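Just below is one structure, and these are the notes that go with it.
None of the figures in this text is laboratory data; all of them are computed from the coordinates on show. Just so you know, these numbers come straight off a predicted model, no measurement behind them. We place every Cβ from the backbone using ideal geometry, glycine too, and count neighbours over all the protein chains shown.
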């Protein structure tokens, strides 16, 4: 059985989209212009039929997902397919028009002198059965829109333009079929002017240079205008919404910055402090699109939290000497307890004498360690940690720490830190050894 997310199935879905789109354009066009299926047109017809027939067999061999479970039992898959899409796919795959036309034993171009125009038109109308695949096309485009190929808003905008163009093509073909372009010198001009009339009518522009001349055309024009009025309002509303939300993260960030600026203006904070706050939010946007990853993690189940957290913090965990050779259970426990924080250049992470409530791990950036007199005694950077001395000895901070540049830092609170030390004595010994070394360095 083929997995639904297998690369072959995804490639096959793209082929189906292209073939179905071709059929939805070519079938109405051939019906109204009346050109025969010969040469390359017949060759493309055979390709369409072959793809549709092959798709029926592939669907019988593709696993399905029911209520989140992958089902690969061929009998269950077959019963599900037969009760849902099989009839549509089967009717669209069988070339009823070619079977009936070629059963007469004459090329399609010569049938006009053998049978009545009405019967010939009815035979050609059988091609419209292939348009049943449009239902499947909508489903395929829906699945395609949920893949991370492009921004979802851009995908919706592209699909919206696709469907509007296809509707305009069908309406234009209908106008040509009703004789709405009687004075066109050739078939290509007749089709182009038909599509021109369709879009001017659907968009409620209606220049009036192509007008109905009989009752049937007038009724068709009225119905098209009614559809056009509704579609025009739908287009304006949806396109405006899509353009406004084409970058949701940026729109969210702009709204947040408007609120921040309003607060700063209202409270009359010092200019230097305002600049520092704005720089912080700009860095947050550039580094993580202004999104709080900690809030995102809290919404996930614990198993996914662990996978995401391990993936996000893989680099920092690998760089930390304190975790070299540590058991995987310890790493998982630490990674789920880390809280991300951002410090801007010059920010004090903590100061001498502050109560020790957390230890810190540097993901990106650098900090300097300051003694009681604010003299720099050490510099720490990516992958290093600090603040564990006060936690181990339940004492106030014996040094100050200041960010040298923008720093992404993860903190581990005292309670979790002590629980981990109690459960992993080897890790506790390593931390205590490093803490004693640092305590000696800071005192000297």
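Quick notes on this one:
- Note on residue 434 and residue 357: the extension gain reaches 25.9 nm, defined as 0.36 nm multiplied by sequence separation minus the Cα-Cα distance.
- Zone of residue 344's modelled label, taken as backbone nitrogen in region 359-393 under 17 Å from a point 7 Å along Cα→Cβ: 366
- Highest mean packing first, where packing is the average number of other Cβ atoms within 10 Å per residue, the peptides 328-339, 380-391, 350-361, 179-190 line up as 380-391, 350-361, 328-339, 179-190.
- Sorting the segments 128-136, 277-285 by their residues' average number of neighbouring beta-carbon atoms within 10 angstrom, most packed first, yields 128-136, 277-285.
- Remark: spin-label model distance residue 139-residue 282 equals 5.1 nm, labels positioned 7 Å along the Cα→Cβ axis.
- Net lengthening on full extension, residue 250/residue 209 (0.36 nm per residue, minus Cα-Cα): 10.3 nm
- Ranked packing of 49-58, 253-262, most packed first, by mean Cβ within 10 Å: 49-58, 253-262
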